[in-house]
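Comments concern the structure below.
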Amino acid sequence: MIAEPVKHIYEDAVLWEIDADELWTMEQLEEGRRMFLRSPEKTAAYFWCDFFVGERLMVSTRNCYSQNPAQEWLQAWNFRPGMKWLTHEPPVLAECMPEGSWRDVAKGRIFTHRETEAAGLVFQHFAYVTESQIAFKEHYYGYTGAVEAWRRLQSAREFPVALRDLFSWVTDHTQVDTVEKCGIVPLATRDAANGKWTFSVNAPLTPTKGTTTRSIVVDGVFFQFNNTGIGRVWLETLKQWAASGFADHVWLLDRNGTATNIPGVRLRRVKQYDPAQTGDDAFMLQQICEELHAGVFISTYYTAPISTPTVMMVYDMIPELLRINDGDWQWREKELCILQAHRLVCISHSTALDLKRLHPTIPESIVSVTHLAAPPEFHQPDAAAITSFRQRHGLRKDYVLVAGERIGIHVGTQGYKNAALLFKAWSMLPADEKHTLSILCAGGKPELENELRTLAPDADVRIIRFTDEDLRLAYAGAVALVYSSLYEGFSLPVIEAMACGCPVITCDRASLREVAGDAAIMVNPWDAAQVAQSIGTLLHDPEVRARCVTDGVRQAARFSYATMSAELAVILREVAASDAETETGRNRLLWEILRRNQSLAAMQSSQISIQSLALKNAKKAASKAGKAAQAPETSLGKAARKEINSFG
């Protein structure tokens, strides 16, 4: 930064810092000047940039290296004569105060990143486009191996890539992708034949966007909490989208570094989800959707923005059917998301029927079903792999398998997962079968629950948390999977076991028949003797066992993640292409009221009266609704009103 020239500026002006590798259009500079003229109280402006690390490669993430909003990019100031530069990096322009001290101009009222981006003022930073640039960085900053790392980046063929895997000075989640996938048209291009650069001269005000295709935003919030069932479903779905090219339209929101990096899937890092700040979270998601030009939003677990059209995955209706305490944030947010969603995608017809029964006002036209499946790696292994697996884990006896949680939410005196049925059945087995048969629990709590141990005090029980590969072998080596649950939204363990050649003993309840078909042995969920008899049959009748294995593999093949992900992609495209945002009407208004009141409720430590502010906001928003406020109250309206009334 050169300090001397500002001494010779004798009139008010917009002072703009532009380095040699930063490209703006004339139209952008003119619009920036008009913004300051329209808002003379603004003292400075922050901007986003398209940060290039190759001729056609750029940083695709934000709140990271090169895109740190706390300091980047402060580029323009509302200059008045007498101001001076205090520092170059970071740039600090200061004005003299009456008492003689110097005040940073950018500490006043500034244009935010969001405001400048909305005006089309995103510049292009050709920071690491040529090898000579990166060579200078290596020499000047001491970035050892920078040139070689840059060359590897230019030769990469699969994107996005994590920049920290190549540039040693980058330590965060920064990702790089192609300009085509980011929808950016470079303002400078090089002729490969002669090496000359050509610069756009008559570019429109917003020159960087090369496509008007609206993106699809997926909130990876579930990965923040867990990586089990639902997490595995989404990992497989995202992998399928990456393979099909659909991921080119997708942004996965990474909650504070908890999402898995999937090749071909772009990440956008956002703050961690806080159940006590659900209102603020909804407004944050809306801002992100606007920044990413989202046409539709889908969450892995019960979050939603304010106005961007939303598709919701409905995994089950267990809390509602079992009347779980509705004070739990998960089930409260789930109900609200159901009532405001534009489309609802259930993972089984059973779940869809439960949804419609519990929410009869939801139009059938917005409810779809797309079945889950076993991951592709879940298939029959050879005998040698099973033998090696058993030796590694010390499984000398034959075993029946229990997968996942064993108790679950209590229905009366027992948990709905109903593993108690197997333990009762084990106690009824003949002595010789008890002696040679153990119970293997895959996952669940690390110690056996007392209520189960009491039912089978002498049973040989092992509890192991397997990798996916070992879980596949555990299925394949089992006498049977006993899955006696009273309710399931889909029942992944059933279809996984069948895919691996494991006979299944289950109950004709909820989605279990829909998933298992006629390939499983169906038992009464209260009849332990029937389960014991079925285990004995599989132990001693090879024909029955072989039929269960063959039928199970065939049944599992009816379901695939390729089909599921394609069906979900079609639904997301339909919503993104529709005018869904204008269809919400009164629902959108009530949704915003509800979220604002939730935000206010979270301010308990402040001196602001939550009751009066919530009521004031609700009345103000309702008055804007005009005639819409006189329309019949919807389910969401009732939920919002209930929420509002809770504030007094």
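The values are calculated or read from the model by the stated rules, or taken from the named source; none is laboratory data. Keep in mind that what you see is a predicted model, and the values were worked out from it rather than measured. Positions of Cβ are generated from backbone atoms using ideal geometry, with glycine treated the same way; all protein chains shown enter the neighbour counts. Quick note on the areas: whole protein, heavy atoms, side chains included, nothing else; ligands and nucleic acids left out. Shrake-Rupley method; radii C 1.70, N 1.55, O 1.52, S 1.80 Å.
The criterion of at least 3 residues that are crowded, with 20+ Cβ neighbours inside 10 Å and touching a residue at least 40 places away in the same chain (Cβ under 8 Å) is met by the following strands (runs of 3 or more DSSP E) wholly inside the range 210-275: 215-219, 266-270.
Would the range 491-504 turn up any residue that is farther than 25 Å from L238 by Cα, in a loop (DSSP other than H, G, I, E, B), without any contact (Cβ under 8 Å) to a residue 60 or more places away in the chain and touching a Cys at 6+ places or on another chain (Cβ under 7 Å)? Yes - at least one qualifying residue is present in the range 491-504.
The set of residues from the range 137-154 being open to solvent by 40 Å² or more (accessible area, probe 1.4 Å) and modelled with pLDDT under 95 comprises K137, E138, H139, Y140, Y141, G142, Y143, T144.
Of S485, S565, S534, all but one fail to be part of a loop (DSSP other than H, G, I, E, B) and either without any contact (Cβ under 8 Å) to a residue 40 or more places away in the chain or out of contact with any His (no Cβ under 7 Å at 6 or more places or on another chain) (or both); the exception is S485. Taken together, L339, L344, L372, L355 contain a single residue that is open to solvent by less than 50 Å² (accessible area, probe 1.4 Å) and modelled with pLDDT under 95, which is L339.
Restricting to the range 107-118, name every residue that is of a type outside the set (S, T, N, Q) and surrounded by fewer than 18 Cβ atoms within 10 Å (Cβ to Cβ). It would help to see each step written out before you state the result.
So in the range 107-118, the residues of a type outside the set (S, T, N, Q) come out as 107-111, 113-115, 117-118.
Across the range 107-118, the qualifying residues are K107, G108, R109, R114, E115, E117, A118.
Checking each residue in the range 410-467 for being surrounded by 12 or more Cβ atoms within 10 Å (Cβ to Cβ) and among the small types (G, A, S) picks out G415, A419, A420, A425, S427, S438, A442, G443, G444, A456, A459. Taking the range 468-478 as the range and being in a helix (DSSP H, G or I) and open to solvent by less than 10 Å² (accessible area, probe 1.4 Å) as the test, the residues that pass are L473, A474, Y475.
The set of residues in the range 539-562 being touching a Leu at 6+ places or on another chain (Cβ under 9 Å) and in a helix (DSSP H, G or I) consists of L539, V544, R545, C548, Y561. Screening L486, L481 for residues that are within 17 Å of V402 (Cα to Cα) and either acidic (D, E) or in contact with a helix residue (DSSP H, G or I) (Cβ under 8 Å, 6 or more places away or on another chain) (or both) leaves exactly one candidate, L481. Consider A119 carefully, then state whether it is among the aliphatic types (A, V, I, L, M), within 30 Å of V250 (Cβ to Cβ), touching a residue at least 24 places away in the same chain (Cβ under 8 Å) and in contact with a helix residue (DSSP H, G or I) (Cβ under 9 Å, 6 or more places away or on another chain). For A119, the condition - among the aliphatic types (A, V, I, L, M), within 30 Å of V250 (Cβ to Cβ), touching a residue at least 24 places away in the same chain (Cβ under 8 Å) and in contact with a helix residue (DSSP H, G or I) (Cβ under 9 Å, 6 or more places away or on another chain) - is met.
Select from the range 42-72 the residues that are open to solvent by less than 40 Å² (accessible area, probe 1.4 Å) and part of a loop (DSSP other than H, G, I, E, B) and list them in ascending order.
If the condition is that a residue be open to solvent by less than 40 Å² (accessible area, probe 1.4 Å) and part of a loop (DSSP other than H, G, I, E, B), then K42, T43, F47, W48, S60, T61, R62, S66, E72 are the ones that fit.
Go through the range 410-462 and count every residue that is of a type outside the set (F, W, Y), in a helix (DSSP H, G or I) and touching a Leu at 6+ places or on another chain (Cβ under 7 Å).
Quick first cut of the range 410-462, residues of a type outside the set (F, W, Y) only: 410-415, 417-422, 424-425, 427-462.
Remaining after also requiring in a helix (DSSP H, G or I): 420-422, 424-425, 427-428, 431-436, 450-455.
This time we only want the ones that are touching a Leu at 6+ places or on another chain (Cβ under 7 Å), so: 420, 424, 427, 433.
Number satisfying all stated conditions: 4.
Confirm whether S132 is small (G, A, S) and closer than 30 Å to A243 by Cβ.
On the way: small (G, A, S): yes; closer than 30 Å to A243 by Cβ: no.
Criteria not met by S132.
If we scan the range 160-170, do we find a residue that is open to solvent by 60 Å² or more (accessible area, probe 1.4 Å), polar (S, T, N, Q) and closer than 30 Å to D248 by Cβ? Looking for residues that are open to solvent by 60 Å² or more (accessible area, probe 1.4 Å), polar (S, T, N, Q) and closer than 30 Å to D248 by Cβ, one finds at least one in the range 160-170, hence yes.
Condition check ((1) out of contact with any Asp or Glu (no Cβ under 9 Å at 6 or more places or on another chain); (2) β-branched (V, I, T); (3) surrounded by fewer than 21 Cβ atoms within 10 Å (Cβ to Cβ)) across all residues:
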site	(1), (2), (3)
A480	yes, no, no
G489	no, no, no
C502	no, no, no
I505	yes, yes, no
V515	no, yes, no
V523	no, yes, no
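Working carefully through the options L636, L538, L589, L594, find the one that is under 30 Å from L422 (Cβ atoms), at pLDDT 55 or above and touching a helix residue (DSSP H, G or I) at 6+ places or on another chain (Cβ under 7 Å).
None of the other options fit; the residue is L538.
Can you pull out the residues in the range 276-289 that are open to solvent by 20 Å² or more (accessible area, probe 1.4 Å) and in contact (Cβ under 8 Å) with a residue 24 or more places away in the chain? Result: A276, Q277, D280, F283, Q287.
Number of residues in the range 73-94 that are farther than 21 Å from R38 by Cβ and open to solvent by 50 Å² or more (accessible area, probe 1.4 Å): the value is 8.
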